[in-house]
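*Asks:* Can you read through this structure? Questions will come right after.
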Amino acid sequence: MKLFNMTRRAVIAAAAASVSLGAPAMADGHQVVDSIHFLIPGGAGGGWDGTARGTGEALTNAGLVGQATYENMSGGGGGKAIGYLIENAESNHGTLMVNSTPIVIRSLTGVFPQNFRDLTLVAGTIGDYATIVVGKDSPINTMDDFLAAYRDDPRGTAIGGGSVPGGMDHIVAAIVMQAAGEDPTAVKYIPYDAGGEAMAALLSGEITALSTGFSEAVDLANAGEVKIIGVTAPERVDTFADAPTMKEQGIDAEFVNWRGFFAAPGLPDDKLAMYQDAIGKMYDTPEWEEVRARNGWVNIHNSGDEFLTFLENQEQVIGDLMRELGFL
């Protein structure tokens with residue numbers, strides 16, 4: 001199987017993110033929305049959880065939103081929360097659901113029948129690089145070490161992730177392994193329900209390495225609980241500059257996962273405009289910068305029609321990639 005050259009296809013998701021990276025209006029200190037209920041389609045500790053809670057923290061601390069509440073609703077690879085939002089649309093017009101690249105992937109693979117077109121598109125908000133991490137006591141310190149262990153015992157060197165087989169964490173692992181010259185379909189991948197359970201499996205020694213979001217790994221790396229052995233960024237991320245990129249280790253793999261917010265179908269236009277206004281103003285607040293820097297996120301803001309264009313572009317690019325890797 002030929003090596004997948006990420007420079008040929010550019011960074012997944014970020015390729016379309018250039019649609020809108022402009023600075024939104026300055027926050028004026030006035031409350032825009034009374035309250036937002038954030039619906040999180042996975043368990044605690046994952047990237048969706050961190051994005052929803054971090055966004056709610058910034059919006060409320062900046063005074064743009066009066067109150068934020070949160071609800072974790074795992075199941076069906078995110079499909080349970082999407083179905084709930086659609087089936088109870090009228091009673092959920094005060095709810096924003098966080099989602100990301102998997103809403104595209106899982107629709108393509110038929111994990112659930114809905115796709116982003118069945119929801120009200122609010123805004124894309126951030127990007128999060130992917131990373132491969134190992135436990136603090138692992139003898140593995142670099143991607144070269146990991147690849148040596150894998151080549152010595154492929155079936156005994158499992159990579160875990162907080163997504164279903166063929167989901168985003170799996171695809172990232174496949175991209176990295178293919179770029180390293182390995183058959184991506186031969187990698188032993190073990191799925192868990194969101195990043196928290198996957199990280200627990202890594203720390204217990206159940207898996208050799210974990211494919212996860214950079215923001216999910218940073219706090220544990222700072223605490224010395226895990227070692228980040230490779231990041232899918234074009235250059236080192238300033239929030240954890242000790243973490244080497246894949247590229248500097250000879251693995252030509254780049255990937256960034258967008259995250260953003262969706263509302264129930266039929267959301268009134270005036271309420272949609274308020275949500276978009278609050279999120280747009282959030283970017284120029286110190287409260288948001290604190291959250292963003294803490295998590296190592298990249299600002300990727302696209303709203304309304306620009307968000308739709310972004311998602312349709314990603315649907316095409318990821319579909320092509322998944323066919324190339326044998327997932328479709």
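The values are calculated or read from the model by the stated rules, or taken from the named source; none is laboratory data. Bear in mind the structure is a predicted one, so any value in this text is a computation, not a measurement. When we count neighbours, we look across all protein chains shown, and the Cβ atoms used for this are built from the backbone with ideal geometry, even at glycine.
*Asks:* Could you say whether any residue in the range 269-281 is aromatic (Phe, Trp, Tyr), in contact with a helix residue (DSSP H, G or I) (Cβ under 7 Å, 6 or more places away or on another chain) and closer than 24 Å to residue 82 by Cβ? Give the steps one after another, and end with the answer.
*Replies:* Initial filter on the range 269-281 (aromatic (Phe, Trp, Tyr)): 275.
Checking the rest, the ones that are also in contact with a helix residue (DSSP H, G or I) (Cβ under 7 Å, 6 or more places away or on another chain) come to none.
Within the range 269-281, not a single residue is aromatic (Phe, Trp, Tyr), in contact with a helix residue (DSSP H, G or I) (Cβ under 7 Å, 6 or more places away or on another chain) and closer than 24 Å to residue 82 by Cβ.
*Asks:* Being in contact with an Asp or Glu (Cβ under 8 Å, 6 or more places away or on another chain) and buried (at least 23 other Cβ atoms within 10 Å of the Cβ) is the filter here, so list the residues in the range 160-188 that pass it. Break it down into steps so the answer makes sense when it comes.
*Replies:* We begin by selecting, within the range 160-188, every residue in contact with an Asp or Glu (Cβ under 8 Å, 6 or more places away or on another chain); these are 160-163, 177, 179.
Selection gives 160, 161, 162, 163, 177.
*Asks:* Tell me which residues, restricted to the range 31-57, are within 22 Å of residue 294 (Cα to Cα), surrounded by fewer than 23 Cβ atoms within 10 Å (Cβ to Cβ) and either at pLDDT 95 or above or hydroxyl-bearing (Ser, Thr, Tyr) (or both).
*Replies:* 38, 53, 54, 56, 57
*Asks:* Checking residue 133 against (1) β-branched (Val, Ile, Thr); (2) at pLDDT below 95; (3) crowded, with 24+ Cβ neighbours inside 10 Å; (4) over 17 Å from residue 312 (Cα atoms), which test does it fail?
*Replies:* Residue 133 satisfies all of (1) β-branched (Val, Ile, Thr); (2) at pLDDT below 95; (3) crowded, with 24+ Cβ neighbours inside 10 Å; (4) over 17 Å from residue 312 (Cα atoms) except (2).
*Asks:* Exactly one condition in (1) within 18 Å of the chain's Cα centre (by Cα); (2) in a strand (DSSP E or B) is false for residue 66; which is it?
*Replies:* (1)
*Asks:* Which condition number does residue 240 fail, the rest of (1) in the same structural domain as residue 170 (by TED's automatic domain parsing); (2) farther than 26 Å from residue 62 by Cβ being met?
*Replies:* (2)
*Asks:* Regarding the range 241-251, can at least one residue be identified that is assigned to a helix (DSSP H, G or I) and without any contact (Cβ under 8 Å) to a residue 24 or more places away in the chain? Don't jump to the end; show me each part of the working.
*Replies:* Our first condition is that a residue be assigned to a helix (DSSP H, G or I); within the range 241-251, this holds for 247-249.
Narrowing the set further to residues that are without any contact (Cβ under 8 Å) to a residue 24 or more places away in the chain leaves 247-248.
There is at least one residue in the range 241-251 that is assigned to a helix (DSSP H, G or I) and without any contact (Cβ under 8 Å) to a residue 24 or more places away in the chain.
*Asks:* Quick one: which strands (runs of 3 or more DSSP E) lie wholly within the range 114-203 and hold at least 1 residues that are under 15 Å from the mean Cα position of the chain (by Cα), under 27 Å from residue 250 (Cβ atoms) and of a type in the set (A, V, I, L, M, F, W, C)?
*Replies:* Details: elements: 120-135, 159-161, 189-191.
Per the criteria, 120-135.
*Asks:* Ok, one more. Take the residues in the range 280-328 that are surrounded by fewer than 18 Cβ atoms within 10 Å (Cβ to Cβ) and assigned to a loop (DSSP other than H, G, I, E, B); name whichever of them is modelled with the highest pLDDT.
*Replies:* 284
*Asks:* Next question, about the same structure. Under 9 Å between Cβ atoms, which residue pairs at least 6 apart in sequence (or on different chains) link something in the range 43-60 that is of a type in the set (D, E, K, R) with a partner that is assigned to a loop (DSSP other than H, G, I, E, B) and surrounded by fewer than 24 Cβ atoms within 10 Å (Cβ to Cβ)?
*Replies:* Partner pairs satisfying both residue conditions: 49/43.
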